[in-house]
1. Would you mind telling me which numbered condition in (1) within 29 Å of ILE397 (Cα to Cα); (2) touching a residue at least 40 places away in the same chain (Cβ under 8 Å) PHE224 fails?
2. For the range 308-330, how many residues are out of contact with any Leu (no Cβ under 8 Å at 6 or more places or on another chain) and either buried (at least 23 other Cβ atoms within 10 Å of the Cβ) or among the β-branched types (Val, Ile, Thr) (or both)?
3. Identify, by number, the condition in (1) closer than 30 Å to LEU215 by Cα; (2) at pLDDT 90 or above; (3) among the β-branched types (Val, Ile, Thr) that VAL78 doesn't meet.
4. Would you please name the residue that is farthest from the chain's Cα centre (by Cα), looking only at residues in the range 123-165 that are open to solvent by 40 Å² or more (accessible area, probe 1.4 Å) and of a type in the set (Gly, Ala, Ser)?
5. When you go through ILE399, ILE469 one by one, which is the residue that is of a type in the set (Val, Ile, Thr), farther than 21 Å from THR59 by Cα and either surrounded by 22 or more Cβ atoms within 10 Å (Cβ to Cβ) or out of contact with any strand residue (DSSP E or B) (no Cβ under 8 Å at 6 or more places or on another chain) (or both)?
6. Out of PHE162, PHE198, I need the residue that is closer than 18 Å to LEU120 by Cβ and in a helix (DSSP H, G or I). Which one?
7. For the range 214-284, please list each of the helices (runs of 4 or more DSSP H) lying entirely inside it that holds at least 1 residues being surrounded by fewer than 24 Cβ atoms within 10 Å (Cβ to Cβ).
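The values are calculated or read from the model by the stated rules, or taken from the named source; none is laboratory data. It should be emphasised that the depicted structure is a prediction, and the values quoted were computed from it without experimental measurement. Cβ placement follows ideal geometry from the backbone for every residue including glycine, while neighbour counts extend to all protein chains displayed. For the accessible areas, the whole protein counts, side chains as well, though only heavy atoms, and no ligand, DNA or RNA atoms are used. Shrake-Rupley method; radii C 1.70, N 1.55, O 1.52, S 1.80 Å.
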Amino acid sequence: MASKYHTSIGSFTRKSTFFWASVGATVGLANLWQFPYLASIHGGGLFIFLYLACLLLVTLPLMVTEAVLGRHSRHGIVLAMDGMVKDAGCSPLWRLAGPLSVLAAFLVLSFTAVFGGIVLAYVFFGAADSFRAATPEAATGILTDLVSRPGGHREFMAWHAFFLVLVVWVSAQGVVKGLERSLRFLVPAALLLMLGLFALSASHGRLDSGIEHILALRPDDVGFNSVKAAFFHAFYTLGLGMGVWAIFGAYSTSHTRLKRSLLAVVLMDTLVAILAGLMMFSVALDGASLDGERGFGLLFVSLPVTLAQLPHSQLIIAAVFLLVLMIVWATAISLLEPVVGWFREWTGAPRGWSAVIAGVAVWAAGLGSLFSFNLWADYRFAGATLFRWLELTTGGILIPLVALLIATFAGWCLTRRYAARILGSTPVAIRKIWYWVMRLVLPVLVAWIGIQYTVFSLSNLCDNGSAAIWCAQDGAPKEPMPATANDDGDGLPVSPHSEGPGPEGNASGQGAESQPTENAPNGDDILYHSV
């Protein structure tokens, strides 16, 4: 067994692998169940321009920073930060960014695996024609039966475990035979399948409806909330603060053009989100509109009901959820990598055992989220299930804190000469923009995002009946917000839990009669991150 902290964690063999792996890490469920909704209510094509500006000017510099830290050190985020802090002669407190990022990746992966289990089940449900002539009520019943039916948690656990076996199996094969080979096949195959489904939706649906919702320029729908929504989505959709970019940077070949590849990844992520939006709104025929819908309700209720109207719907629904499965699978493989890399560097354990041990730990942690929808749904602390608290801790504290530490460290602790050395060949103007963004813009913006996320999440608990000490006590418990509320003018553009601007209460947009039971995933139980 290799000695502790001296294990070589591996390397990709082809320079293009970094691009494909990075696309797999960034393209997640948020591209499918969040971006189309945001674009449809915030000005269509104008929102896309705002979103791209936020990506290129704010979050891309942080993405580059994490990647070059890994590439410079050829280690995962923990040892990369440890070595960089020593070289810069800064306070050891900056090293906290390493273990906190691994913890964030671990927790988000535990959530992602739960979602992955649902998607995996839906591939088989679609193939079995379970959605034939389905109504919203029937589709909601299918979701509820899988996720929150009393006594049915064992079936849910089986799908969850099956999904994690697929993830761990890839990771255990190694960086080249597992990660590189699988992502070089999985990501292009998913993109090709998406293009095929897009062509099908355009030929059998109303492409003009999709263009109107996603690409048409609607200045009247753009406001300050639109800018905030773009910032929030740009920050959470790229997988920042979880060590993914550091480990992929460490795996990248010496001749990989890191910065150009990351720019291409950002553009590809946006293109996929646009195609997903066009595809969804194009197939919304015969009054089955997807307006105002996102999250669980959009993906697992409204979309199957809408697709059931198309010819050969059985094959189409199975293909759609196969696409979603490939997307979530690639994301989960990427999220496991920082954890496995850290464990190998910490213990010197073989790759296979490291992947299995990490996978078992993720499975055990994921059971807490899984049981929050059924067995433990009635056990709440301050009005929230265990899943909600894990989500709030990860999205509101860990991820913003790691991003804040890395940005502040790069902007204030590294000298300009040292920063220029790790950035590599970069135009002077671009290097100056990067420096001032890391030094002044990102620390303020990331802190604001984290505070907004946390404050709104806690406030949302109060709106749903929590009697916690931070909730205003007026002598009577507050009534939960109605399930059909859709007020976009509340001030917070992207709710981390309700998957949209403001406290709308639920993510499906269906009436109360078509919603899952109170234990099933709803707008208050939707993970925002790029899963």
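1. In the conditions (1) within 29 Å of ILE397 (Cα to Cα); (2) touching a residue at least 40 places away in the same chain (Cβ under 8 Å), PHE224 misses (2) alone.
2. Count: 1.
3. (1)
4. ALA133
5. When all the criteria are applied, what remains is ILE469.
6. Numbers: PHE198 fails: closer than 18 Å to LEU120 by Cβ.
Unique residue meeting the criteria: PHE162.
7. Numbers: elements: 224-236, 244-251, 258-282.
Answer list for the range 214-284: 224-236, 258-282.
For (1) within 18 Å of THR394 (Cα to Cα); (2) under 16 Å from the mean Cα position of the chain (by Cα); (3) open to solvent by less than 10 Å² (accessible area, probe 1.4 Å), each residue gets a yes or a no:
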position: LEU57; (1), (2), (3): no, no, no
position: GLY70; (1), (2), (3): no, no, yes
position: ALA80; (1), (2), (3): no, no, yes
position: MET84; (1), (2), (3): no, no, yes
position: TRP94; (1), (2), (3): no, no, no
position: GLY98; (1), (2), (3): yes, no, yes
position: SER101; (1), (2), (3): yes, yes, yes
position: GLY117; (1), (2), (3): no, yes, yes
